[in-house]
Amino acid sequence: MEQVVGYFKINIQVLKFDKIKDIDKIIFNHYITKNVNYKKMNGNLPRRQFYISNCAVSKDLNISIGKAKRLIKNFKDLNIIQLVQIGNTDNTPSVYEYSKLLT
């Protein structure tokens, strides 16, 4: 199997974040890019797609579920991520795609 070497490009909207005021958004973006790159290495999902749930974000980033929901909603509103498939009530996480609006 051939290994692809490269890096993950940042969405242009993320570059507009203020490094002090928007620190939670910057950390969340880093969390997303780690998820995307991990899924790419494992080949579980198509390129730029990743699994995410409010509970997982809350637990992994040590924030409240409400704050996790707000971050996800904010990133959807900014078109940084797009919903591909909504999770079910049986604890299946949603699938999102990191936007192609790149620098």
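Which pairs have Cβ atoms under 6 Å, sit 6 or more apart or on different chains, and link a residue in segment 1-19 that is within 16 Å of HIS30 (Cα to Cα) to one that is modelled with pLDDT of 85 or more and basic (Lys, Arg)?
PHE17/LYS25
Of all residues in segment 50-75, how many are more than 19 Å from ASN11 (Cβ to Cβ) and not in a helix (DSSP H, G or I)?
Total satisfying the criteria: 4.
Give the residues of segment 74-93 that are of a type outside the set (A, V, I, L, M) and over 11 Å from the mean Cα position of the chain (by Cα), sorted by residue number. Before you say what the answer is, go through the steps one by one.
At the first step, the residues of segment 74-93 found to be of a type outside the set (A, V, I, L, M) are 74-77, 79, 82, 85, 87-93.
Listed by number, the residues that qualify are ASN74, ASP77, ASN79, GLN85, GLY87, ASN88, THR89, ASP90, ASN91, THR92, PRO93.
Looking at (1) in a loop (DSSP other than H, G, I, E, B); (2) over 17 Å from ILE80 (Cβ atoms), which is the one condition that is false for ARG47?
Only one criterion is unmet by ARG47, namely (2).
Restricting attention to segment 76-90, does a residue exist that is surrounded by 13 or more Cβ atoms within 10 Å (Cβ to Cβ) and either among the aromatic types (Phe, Trp, Tyr) or part of a helix (DSSP H, G or I) (or both)?
Yes, there is a match, as at least one residue in segment 76-90 is surrounded by 13 or more Cβ atoms within 10 Å (Cβ to Cβ) and either among the aromatic types (Phe, Trp, Tyr) or part of a helix (DSSP H, G or I) (or both).
Of all the residues that make up segment 22-41, how many are under 10 Å from the mean Cα position of the chain (by Cα), without any contact (Cβ under 8 Å) to a residue 24 or more places away in the chain and surrounded by 14 or more Cβ atoms within 10 Å (Cβ to Cβ)?
Result for segment 22-41: 1.
The values are calculated or read from the model by the stated rules, or taken from the named source; none is laboratory data. What you see is a predicted model; the values in this text were computed from it and never measured. Because the Cβ atoms are built from the backbone with ideal geometry, glycine has one as well, and the counts that use them run over all protein chains shown.
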